[in-house]
Amino acid sequence: MDRLLRTLLANFICRGSINFTTADGATFSCGDGTGVPVAARFVTRQAERRLLANPELALGETYMDGTFVIERGSVADLLSIVMSQPAVMPDWAKPQWWVRYLIRPLRQLNLKARARRNVAHHYDLDGRLYSLFLDADRQYSCAYFDAPNTTLDDAQLAKKRHLAAKLLIDRGHRVLDIGCGWGGLGLYLAEMYEADVTGVTLSAEQLQVANARAAERNLSASARFLLQDYRDVPGTFDRIVSVGMFEHVGAAFYDTFFRRCAELLDDDGVMLLHSIGRSEGPDSTNPWIAKYIFPGGYIPAMSEVLPAIERAGLLVCDIEILRLHYAETLKAWRERFMARREEAVQLYDERFARMWEFYLAAAEMGFRKQNMMNFQIQLTKRQGIVPMTRDYIPREEARLRALERGARPALRMAGE
């Protein structure tokens with residue numbers, strides 16, 4: 001077992017430096033010796049067998065279970081090395097990848113009832129967990145670091161400002177926020193533009209908090225949040241925005257999503273989609289992420305998204321790629337979480353805390369080492385709705401920044 005483990009890991013890890021100790025006490029090193037070395041130990045032979053049988057699933061599971069421990073460095077340091085190898089995955093894991101790729105339509109069969117269960121799995125956790133690492137407005141999506149040394153809170157505010165500028169909102173516009181989270185963006189648009197905002201979510205926890213925040217800000221008349229699937233939303237809207245929700249739609253439902261958005265969008269309307277994306281073509285969801293973090297989730301490649309937009313009859317007006325912004329966001333989340341890790345243990349247990357630590361670290365390295373990105377796609381139903389050049393975006397951001405300086409204190413969670 002030790003010889004097989006050493007051979008396979010050495011063939012995969014050819015950059016960096018990781019020193020392994022087996023369950024039997026044997027030691028070996030992998031990599032070219034560059035960078036800061038990391039040391040890891042297998043506590044049981046079963047952990048070794050699991051890693052060899054299904055590495056993409058077992059690495060996270062054995063770390064959660066405490067049967068694979070980091071003795072020098074952190075799990076983020078380990079994943080930084082593992083995810084920066086020339087090969088995305090070990091050769092012996094490729095057959096499993098093909099199986100996952102072929103059956104991904106079944107894994108992403110996000111019919112309405114299943115979609116709600118998938119959302120509850122992640123977003124209906126104890127609300128105190130998210131307060132450990134998110135910003136004051138509880139923005140759970142990629143921030144926008146528009147200046148050096150920007151804090152997480154300022155970067156999340158800049159994200160809302162950037163999205164608002166691209167939406168070209170006027171006072172009184174009817175705005176639909178698909179996947180509204182805890183309501184931060186919707187409340188920002190209602191407050192800054194006096195827009196009439198409807199936010200929809202499938203999370204009961206998020207719904208309660210979002211409506212409580214609207215009431216606390218005296219915005220309930222202009223910002224309402226509903227427990228509703230995007231497929232069931234009635235009416236039409238001047239503006240549609242969706243941030244960090246498209247990753248839960250599933251590739252088989254892209255046509256459904258964009259056709260429904262086209263039906264909901266006024267003929268003179270503007271839609272903005274903000275999503276994580278793949279830079280290197282279609283793939284399958286990592287099995288550990290699918291099992292423990294985002295069941296039913298899938299990160300799309302642009303080549304999967306644009307054809308569905310075209311088939312829905314929508315026009316692409318602008319595409320912006322945010323490259324390392326999510327890596328920096330996740331780094332900030334991970335550092336905040338680790339600073340308050342014991343509180344997460346008290347909320348759940350040690351295994352959960354290790355799971356969350358692994359999730360944040362793996363997600364960060366996906367953006368930093370494996371070319372994940374975020375895209376923002378601006379859509380209309382006909383030509384001539386948005387300006388011909390992009391100079392309106394920084395101009396509107398500057399106007400909003402000035403308004404923010406004179407506005408009331410920043411939005412916070414209800415009761416905080």
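Quick rundown of the values:
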read-out: Given charges at beta-carbon only (K, R positive; D, E negative), |dipole| of segment 107-157 in Debye; value: 680
read-out: Per residue, the convex hull volume that the Cα atoms of segment 246-312 enclose (Å³); value: 89
read-out: In the chain, lysine pairs with alpha-carbon atoms under 19 angstrom apart (chain gap of 8 or more, or interchain); value: 4
read-out: Cα-based shape type of segment 193-328, given that a ≥ b ≥ c are square roots of the gyration tensor eigenvalues and the cut on a/c is 1.5; value: oblate
read-out: Segment 343-362 versus segment 278-325: alpha-carbon centroid distance in Å; value: 27
read-out: Hydrodynamic radius of segment 283-336 per Kirkwood, over alpha carbon pairs, in Å; value: 14.0
read-out: Fraction of accessible area attributable to carbon and sulfur, segment 2-129 (%, probe 1.4 Å); value: 57
read-out: Percent carbon-and-sulfur accessible area, segment 240-280, ignoring ligands, DNA and RNA, probe 1.4 Å; value: 40
read-out: Bridge type composition, the chain - antiparallel percent by DSSP, nearest 5; value: 50
read-out: Taking segment 26-154 and dividing mean pair separation by its residue count, relative contact order in percent (alpha carbons under 8 Å, at least six apart); value: 19
read-out: Cα-based helix-to-principal-axis angle, 254-264 vs the chain, degrees rounded to 10; value: 20
read-out: Dipole of the chain, positive direction: furthest Cα of ALA361, TRP288, LEU132, with charges on the beta-carbon; value: TRP288
read-out: Cβ-placed point charges (K, R +1; D, E -1), dipole of the chain about Cα centre in debye, nearest 20; value: 480
read-out: Percent RCO, i.e. relative contact order, over segment 220-369, from Cα pairs under 8 Å lying at least 6 residues apart; value: 21
read-out: Kirkwood-based Rg to Rh ratio, segment 1-77, C-alpha trace; value: 0.92
read-out: Global size of segment 33-135 as Cα Rg and Dmax, reported in angstrom; value: 17.3, 50
read-out: Residues of the chain: accessible area per residue with a 1.4 Å probe, Å²; value: 43
read-out: Projected-area mean, the chain, by convex hull of Cα positions, square nanometres; value: 20.0
read-out: Estimated D of segment 181-268 in µm² per second, where Rh is the Kirkwood radius over Cα pairs and Stokes-Einstein applies at 20 °C, 1.002 mPa s; value: 157
read-out: Relative contact order for the chain, counting Cα pairs under 8 Å that sit 6 or more residues apart, in percent; value: 18
read-out: Helix-only mean residue ellipticity at 222 nm for the chain, each DSSP H run of n ≥ 4 adding -39500 (n - 2.57), per residue, nearest 500; value: -14000 deg cm²/dmol
read-out: Coarse-grained scattering of segment 306-376 at q = 0.28 Å⁻¹, given as base-10 log I(q)/I(0) from a Debye sum over alpha-carbon atoms; value: -1.13
read-out: Tilt relative to the chain, helix 2-12 - C-alpha long axis, 0 to 90 degrees, to 10; value: 40
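The values are calculated or read from the model by the stated rules, or taken from the named source; none is laboratory data. Computed from a prediction, not measured in an experiment: that's the story for all the values here. Note that each Cβ is placed from the backbone with ideal geometry, even for glycine, and that neighbours are counted across all protein chains shown. Accessible surface areas use protein heavy atoms only, side chains included; no ligands, DNA or RNA. Shrake-Rupley method; radii C 1.70, N 1.55, O 1.52, S 1.80 Å.
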